[in-house]
Amino acid sequence: MKELLQPGLQVVSSFGELLPTVRGVLEKLTLGGQKRIGYVSGIVSSDGPDKIQENIERLKRFTDSVRSTHQFPVFSATDIFTDRIYEVCNRERKITQSEFIDFWRELLNSKLITDLFMTPRWDESEGATDEHTFAEQLGLNIHYISPKV
């Protein structure tokens, strides 16, 4: 899935362009006949700034594990918010937590994501908790990942 997202993300020059770009990739998949698309949610910044990189690597490992066991495209925030995208999106001003939450809510609400995978400790993250609650309201398939990855 990362290889599908990355080319479109190369032309993103602001946070406002990010959601339409990601939606475009997911829409292309569904128009191509893909019936399921998964998103892996988990803790990133809730442990504090000194743990962000460690949590990003952890989320990447969980995402790779989910990809290896499912026959449909799966992605996580780490596939979208690369260092370059994060820098571009924060160039004018720092993006707030509520803007990140709105981004993921809009993406989940697009009806393009069918499955949400919750990594261990997701309930310690404000963003992941919101995604879980919102996904429940939307009736998405929610999976809980074992901490053994």
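Values computed for the structure shown
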quantity	calculated
Over segment 41-105, volume per residue of the alpha carbon convex hull, in Å³	97
For Cα Rg over 2.2 N^0.38 Å, calculated from these coordinates, the label among (1) 1.07; (2) 0.98; (3) 1.18	(2)
Potential lengthening between D83 and D64 on full extension [0.36 nm per residue; Cα-Cα distance subtracted]	5.0 nm
Long-range amide H partners of V74 with built H, under 5 Å	G38
Helical mean residue ellipticity (222 nm; -39500 (n - 2.57) per DSSP H run of 4+; nearest 500) of the chain	-16500 deg cm²/dmol
Charge dipole (the chain, unit charges on Cβ, about Cα centre) - positive-most of G42, T21, H70	H70
Point-to-point label distance, I95-R23, nm (Cα→Cβ direction, 7 Å offset)	1.5
Accessible surface, per residue, of segment 70-149 when the full set of protein chains is kept, probe 1.4 Å, Å²	53
Peptides ranked, highest mean first, by Cβ atoms within 10 Å: ranges 18-24, 82-88, 62-68	62-68, 18-24, 82-88
Cα-centre dipole for segment 1-95 with unit charges at Cβ (Lys and Arg positive, Asp and Glu negative), debye to 20	280
Hz values of 3J(HN,Hα) by residue in segment 62-71 - Karplus curve (6.51, -1.76, 1.60), Gly and Pro given as x	4, 4, 4, 5, 5, 4, 6, 10, 10, 9
Per residue value of the accessible surface for segment 1-55 (all protein chains in place, 1.4 Å probe), Å²	54
For segment 81-94, Karplus couplings with θ = phi - 60° (6.51, -1.76, 1.60), whole Hz, Gly/Pro x	8, 5, 4, 5, 5, 4, 5, 4, 5, 9, 4, 6, 6, 5
With every protein chain in place, segment 88-149: carbon and sulfur % of accessible area (1.4 Å)	48
Cut-off under 5 Å, modelled amide H: who pairs with F117 long-range	Y39, V40, S41, H143
Under the Karplus curve 6.51 cos²θ - 1.76 cosθ + 1.60, θ = phi - 60°, whole-Hz ³J(HN,Hα) for segment 18-33, x wherever Gly or Pro sits	5, 4, x, 5, 5, 4, x, 5, 5, 4, 4, 5, 5, 5, x, x
Entries in K60/K111; K28/K94; K35/K60 that, when Cα-Cα distance is taken, lie over 26 Å	K28/K94
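The values are calculated or read from the model by the stated rules, or taken from the named source; none is laboratory data. As the structure is a computational prediction, the values presented were derived from the model and not from experiment. Cβ sites come from the backbone with ideal geometry, for glycine too, and all protein chains shown count toward neighbours. These area figures cover heavy atoms from the full protein model, side chains too; ligands, DNA and RNA do not enter into them. Shrake-Rupley method; radii C 1.70, N 1.55, O 1.52, S 1.80 Å.
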